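A.B. asks: Below are the C-alpha cells for one structure; questions will follow.
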Amino acid sequence: MPRTHWFRAIVIVLLIGSGSNILAQAPTAATAENPGLTRSVLTQADLSIPGRETVVMRVQLAPGAQVGWHTHPGEEISYLTSGAVTLMIAGQAARTVSAGQALIVPAGAVHNARNDGTVPAGLVAVYVVEKGKPLRSPAPAPASGAESAPATPVAAPRFPQLTLEQLNDAQRPLAQYVMGFSSVGIGGPYNLLLRSPGAAKPMLDLLDYLRFHTSVPARLNEFAILIQGRAWRSQVEWHAHYPLALKAGVSEQTLAGLKAMRRPDAMQPDEAAVYDFSTELYRTHEVSDATYARARQFLSDQQVIDLTLVNGAYIGLASLMAMGQQGLPPGVEPAFRPGEP
C-alpha cells in the first residue's frame, strides 16, 4: 500500500478505534515563540506495545510561521491537508512537502517546519511515542544554518496521485496486480500508465517478462536497469532497483561508481560488457561491432535481445516519469541531490 494511503488508514483507525478517548481540547493558541502556529489534539491512546502511546493532532501554520526546532520521543508521521511546508531535518537538505503528501520524522531527530507560502498550511500529525515523556522538546538550531536554508526545489507532479478508490473497472485489476510487487505502490510510472489502461496492460505484460522471466541473469538485468535509471537521473528507478541489484550480486562499489556517473572500476567481466553495451546504446543510439562482440562473449541470442529490450523498456519508463515530473513517494530520500548530474 502506498504510504499516503497507509497513513490515511492509520488516522481513520485511530480516530474510530479510540473514540471514547477523543479529547475535547481547544486549539493551542499561537505564542510569542511560535506566532502563527496552532495545535489541537484529536485523540490520544495507548498502544499494544508496552510503554508506547499515539497522539493524533491537527496543526495549522500561518504563512511565514514556523514550528521551531524540536524533537519527539518517537516517530512523527504527518499528512499535509492544505498548503505546503518546508521540512528541515538536521543533517538533511530542506525540502518542500505539499498538500496530499506525507512526511516522516525519525525518533529524536532535530527538525523544524516553516510555511514559506502565501496560504495557511494544515496537517494531521500522528505521533508514536514513549508514554509519559513530553511530546515535544525544544532543541537548538543546527550549527550548519539549516534553519534558513531554502527548500530543495522539486517540480510539482503534472498528474495527481491516483488512489484505488478513483480507479475504474479497466484500471482496478491492473492496479491490484501492480500492488503485488511494486515498492512504490501505484506511484512512480504506474500513476501514469494507469491513465491509459489499454497501453498499461501490454506494458505490464512486457515488464513481467523482463523482470521475472527474462533469460538475462538477475545480476546483469538489474544492473542494466540501474544503468538507464542513472543515465535518466530517475529517482524512482534507482530507489526501486538499487536494493534488487545488491541482492542479485552487484557490488556496492560498482553501484557507487555508477551513481557517481563514472565507469565503475570494480565490475565483473560480464558486468563490464553489459555496461558498455547499455551505455553505448543510450548515448549513441547504436552498438559498435567491438562492443557487440564483447557482449556476445557472455550472452546468447535470446539474452542479447532481452538485454536490449530491458534497456528500452526502462528508458521508456524513465521518459514517461520525466514528462509527468513524477517523483518519489513522500518521505523517501532522493538518491541524487540538486546540482548532481
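The values are calculated or read from the model by the stated rules, or taken from the named source; none is laboratory data. Just so you know, these numbers come straight off a predicted model, no measurement behind them. Glycine also receives a Cβ, built like all others from the backbone with ideal geometry; neighbour counts cover every protein chain displayed.
A.B. asks: Considering (1) closer than 17 Å to H70 by Cα; (2) surrounded by 19 or more Cβ atoms within 10 Å (Cβ to Cβ); (3) modelled with pLDDT of 90 or more, say which one V124 fails and leave the rest.
C.D. replies: Evaluating V124 over (1) closer than 17 Å to H70 by Cα; (2) surrounded by 19 or more Cβ atoms within 10 Å (Cβ to Cβ); (3) modelled with pLDDT of 90 or more leaves (1) as the failure.
A.B. asks: Can I ask one more? Out of the residues in segment 253-279 that are of a type in the set (D, E) and at pLDDT 95 or above, state the one that is nearest to P338 (Cα to Cα).
C.D. replies: Filtering segment 253-279 for residues that are of a type in the set (D, E) and at pLDDT 95 or above, the one nearest to P338 (Cα to Cα) comes out as D276.
A.B. asks: Now for a separate question. Inspect all residues belonging to segment 258-268 and state whether any of them is in contact (Cβ under 8 Å) with a residue 40 or more places away in the chain, of a type outside the set (A, V, I, L, M, F, W, C) and assigned by TED's automatic domain parsing to the domain that holds I225. Step through it out loud before you land on a result.
C.D. replies: Step one: of segment 258-268, the residues in contact (Cβ under 8 Å) with a residue 40 or more places away in the chain are 259, 261.
Now narrow it down to the ones that are of a type outside the set (A, V, I, L, M, F, W, C): 259.
So of that shortlist, the ones also assigned by TED's automatic domain parsing to the domain that holds I225 come out as 259.
Yes, segment 258-268 contains at least one residue that is in contact (Cβ under 8 Å) with a residue 40 or more places away in the chain, of a type outside the set (A, V, I, L, M, F, W, C) and assigned by TED's automatic domain parsing to the domain that holds I225.
A.B. asks: For segment 294-308, state whether one or more residues are within 28 Å of the chain's Cα centre (by Cα) and in contact (Cβ under 8 Å) with a residue 24 or more places away in the chain. Outline the logic, then answer.
C.D. replies: Initially, segment 294-308 is screened for residues within 28 Å of the chain's Cα centre (by Cα), giving 307-308.
Keeping just the survivors that are in contact (Cβ under 8 Å) with a residue 24 or more places away in the chain gives 307-308.
Taking every residue of segment 294-308 in turn, at least one turns out to be within 28 Å of the chain's Cα centre (by Cα) and in contact (Cβ under 8 Å) with a residue 24 or more places away in the chain.
A.B. asks: Which ranges mark the strands (runs of 3 or more DSSP E) fully within segment 86-138 that have 2 or more residues being touching a His at 6+ places or on another chain (Cβ under 9 Å) and either in contact (Cβ under 8 Å) with a residue 60 or more places away in the chain or at negative phi (or both)? Working first, answer last.
C.D. replies: Working: elements: 95-98, 102-105, 111-114, 121-130.
Because the criterion is at least 2 residues that are touching a His at 6+ places or on another chain (Cβ under 9 Å) and either in contact (Cβ under 8 Å) with a residue 60 or more places away in the chain or at negative phi (or both), the strands (runs of 3 or more DSSP E) in segment 86-138 that meet it are 111-114, 121-130.
A.B. asks: I need the full set of residues from segment 171-230 which are surrounded by 16 or more Cβ atoms within 10 Å (Cβ to Cβ), over 26 Å from D301 (Cα atoms) and among the basic types (K, R), in order please.
C.D. replies: Once the filter is applied, which keeps residues that are surrounded by 16 or more Cβ atoms within 10 Å (Cβ to Cβ), over 26 Å from D301 (Cα atoms) and among the basic types (K, R), segment 171-230 yields only R230.
A.B. asks: Quick one: in segment 323-339, of everything that is closer than 17 Å to P106 by Cβ and at pLDDT below 80, which residue is surrounded by the most Cβ atoms within 10 Å (Cβ to Cβ)?
C.D. replies: P330
A.B. asks: Between A155, A151, which is under 30 Å from W69 (Cβ atoms), touching a strand residue (DSSP E or B) at 6+ places or on another chain (Cβ under 6 Å) and modelled with pLDDT under 95? Outline the logic, then answer.
C.D. replies: Values: A155 fails: touching a strand residue (DSSP E or B) at 6+ places or on another chain (Cβ under 6 Å).
When all the criteria are applied, what remains is A151.
A.B. asks: If you don't mind, another one. Counting only residues that are over 23 Å from L328 (Cα atoms) and touching a residue at least 60 places away in the same chain (Cβ under 8 Å), which one in segment 210-243 is farthest from the chain's Cα centre (by Cα)?
C.D. replies: The qualifying residue farthest from the chain's Cα centre (by Cα) is S215.
A.B. asks: Return the residues of segment 163-180 that are among the aliphatic types (A, V, I, L, M) and more than 22 Å from A240 (Cα to Cα); say none if nothing qualifies. Step through it out loud before you land on a result.
C.D. replies: Step one: list which residues in segment 163-180 are among the aliphatic types (A, V, I, L, M), which gives 164, 167, 170, 174-175, 178-179.
Scanning segment 163-180 gives L167, A170.
A.B. asks: What tally of residues in segment 181-206 results from selecting those that are closer than 22 Å to L244 by Cβ and in a loop (DSSP other than H, G, I, E, B)?
C.D. replies: Number of matching residues: 8.
A.B. asks: Which is of a type in the set (F, W, Y), within 22 Å of A295 (Cα to Cα) and in a helix (DSSP H, G or I), of Y242, Y209? Show your work before the answer.
C.D. replies: Numbers: Y242 fails: within 22 Å of A295 (Cα to Cα).
From the options Y242, Y209, the qualifying one is Y209.
A.B. asks: Select, from L299, L307, the only residue that is closer than 19 Å to L246 by Cα, in contact with a helix residue (DSSP H, G or I) (Cβ under 8 Å, 6 or more places away or on another chain) and surrounded by 17 or more Cβ atoms within 10 Å (Cβ to Cβ).
C.D. replies: Values: L299 fails: closer than 19 Å to L246 by Cα.
Within the list L299, L307, the selection yields L307.
A.B. asks: When only residues in segment 231-260 that are surrounded by 15 or more Cβ atoms within 10 Å (Cβ to Cβ) and among the charged types (D, E, K, R) count, which is farthest from G316 (Cα to Cα)?
C.D. replies: K259
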